[in-house]
Structure formats: structure tokens, C-alpha cells
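A short write-up of the structure that comes next.
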Amino acid sequence: MMSAALSIRGVGLTYPTRSGQTEALADVDVDIGEGEFVALLGPSGCGKSTLLRLAAGLLSPTRGRIALNGHPVDGPSRSAGVVFQKPSLLPWKTVRENVLLPARTQGLDLAHAKARADQLLELVGLTAFAGNYPFELSGGMQQRVGIARMLLPDPALLLMDEPFAALDALSRETLTFALQNIWSVQRKSVLFITHSIPEAVFLADRILVMSPRPGRIVESLQNPLARPRSVDTFDHPEFTALTQHLRRHFNAH
């Protein structure tokens, strides 16, 4: 059995509002195995991003426990890298300097970090743009810089909160293929939040579905599609069957 990189047990989160208490998450149980790519789907406001922030140590649960590689999550950790919808690059720094930021903020060995930054820029297809500034890049290229920056400290777990949501359809599809390639090389554990059912089915080993608030996991669906996946995967009968099955969850609401 695959050992768990991330373990979430009985997690709930309640926060105060003007009208009282709001229960965002209730009794969430999730395991993500080492090297497993897990996508999380759910309606808007169900607590997907909240769950990711809890896993990243940016929030603390009201109840339950979260562990990363067997250690309790009680704050941000080098073992977890996070990518949000916008990469938030520093406009006065070059692409390479942006990727190297974690080396300076986390006190990493600079010589090793520079070599790894160059490897990651090659992996994300941006070697030729290492000396460019963010304003000279497209939105998709900027997000690749953000992914390379996240990977620099070599985290065990990647937490990705709708990283392609702000992109146009063609850029989003291009980055979907790019992320599959990055994952196949790095083999990290991934929790990937998306509102796109086809994106989840294309990328993930397993797909989790959350209920409306308070968010609970209502289905864990293993993905039988063979890897590597290609443009032909979108026409595969199994792909169509999986996307139709998942859509029924949201049509019901």
C-alpha cells in the first residue's frame, strides 16, 4: 500500500461571522500517497481553498489533525510548496532571480540553488527567458515561473490552488500538458484544486469530490486512464465516462 505523504483526519473548520458561526469544513478525511496526483473538485464556496491552506499550514483547523510525512502540520513548511492563481512575481527581478527567491528567504545553499534553478527553468521551458522580466512574459509563462519557484526547495508536497484559472483556454491547455510533464519528472505528491472536470480527469491519479458547505469528501474516484496522457486522451471513452460521472455530482446541486 502507498504510504501517505499527506494525511488529513477528521478535520473541521468553523469561523466567526457577524451572524454567528460558519462551518466551512466538516469531518474531512484525505490521504495523498507519495508521488500521487490528487485533484479536488467541488462547488464554489465549499471549502476547497480552505482545505489547501490548512494543508499548507497557513490556517489551523478547529478540530482534527493534519500530518505531512508523519509530522503534524502546525505552520508553513519547506516540505510543502504552494501555487496560487497568480504567481505574484517580483517585477524588478528577472525570471531566474524570481525562481531563486526561496534560496534567499530559506537560507538554502546558493550554488546548489542556482544549479537547480537552471534545471527547473529547462524543465518548464523557460531557459531562453531566464534574463527576462515578468512584464515581458505571457500569463502562462509567468505561471511556469511560479511553479519553478515553488519547486526550488524540493518540497515533498505540491499544493496547487486553481493555478490555471486566470489563463485563456489555449494557455490553460498548454500548461495542463506542461504540468503533466513536470509531475512525471519530479514525481511529487500533488493536491490540485480545480473547477475544471476535464482538467482533473486528465491530470489526476485520483479525483476527490467535495459537497457544498460545510465541505465534506463525498467521493474518491480512482482514475484508470493510462499515462502518459495525450491530446487523444480527451476522446477516450473512459475519459468521457469519468467526466460525465463527475458532472452528475454538480448537476444534482
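Values as computed for the structure displayed
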{"quantity": "Candidate set from the stretch 150-189 (those that are small (G, A, S) and within 17 Å of A80 (Cβ to Cβ)); member that is modelled with the highest pLDDT", "calculated": "S189"}
{"quantity": "The stretch 107-120 residues that are without any contact (Cβ under 8 Å) to a residue 40 or more places away in the chain, paired with ones that are crowded, with 16+ Cβ neighbours inside 10 Å and among the basic types (K, R) (beta carbon under 7 Å, 6 or more apart)", "calculated": "A117/R96"}
{"quantity": "First in the stretch 172-194 and over 23 Å from A4 (Cα atoms), second anywhere and buried (at least 18 other Cβ atoms within 10 Å of the Cβ) and at pLDDT 95 or above, Cβ under 7 Å, 6 or more apart", "calculated": "T176/E199; T176/F202; T176/L203"}
{"quantity": "Candidate set from the stretch 206-242 (those that are of a type in the set (S, T, N, Q) and over 20 Å from the mean Cα position of the chain (by Cα)); member that is nearest to G10 (Cα to Cα)", "calculated": "T240"}
{"quantity": "Any chance R227 is basic (K, R) and closer than 25 Å to T50 by Cβ", "calculated": "no"}
{"quantity": "Strands (runs of 3 or more DSSP E) fully within the stretch 148-218 counting 3 or more residues that are under 16 Å from G125 (Cβ atoms)", "calculated": "none"}
{"quantity": "Members of the stretch 1-25 found to be within 20 Å of R63 (Cβ to Cβ) and within 21 Å of the chain's Cα centre (by Cα), listed by number", "calculated": "A4, L6, S7, I8, R9, V11, G12, L13, A24, L25"}
{"quantity": "The stretch 122-155: number of residues that are of a type outside the set (G, A, S) and on the phi > 0 side of the Ramachandran plot", "calculated": "1"}
{"quantity": "Number of the exception - T14 against (1) assigned to a loop (DSSP other than H, G, I, E, B); (2) surrounded by fewer than 18 Cβ atoms within 10 Å (Cβ to Cβ)", "calculated": "(1)"}
{"quantity": "Of all residues making up the stretch 122-147, the number that are surrounded by fewer than 20 Cβ atoms within 10 Å (Cβ to Cβ), touching a residue at least 40 places away in the same chain (Cβ under 8 Å) and not in a helix (DSSP H, G or I)", "calculated": "3"}
{"quantity": "Test for G81: is it under 16 Å from I217 (Cβ atoms), small (G, A, S), under 15 Å from the mean Cα position of the chain (by Cα) and modelled with pLDDT under 95", "calculated": "no"}
{"quantity": "Filtered residues of the stretch 219-253 (kept if among the hydrophobic types (A, V, I, L, M, F, W, C), closer than 23 Å to L25 by Cβ and in a helix (DSSP H, G or I))", "calculated": "L246, F250"}
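The values are calculated or read from the model by the stated rules, or taken from the named source; none is laboratory data. What you are looking at is a predicted structure, and each value in this text was computed from that prediction instead of being measured. Ideal geometry is used to build each Cβ from the backbone, glycine not excepted, and the neighbour counts take in all protein chains shown.
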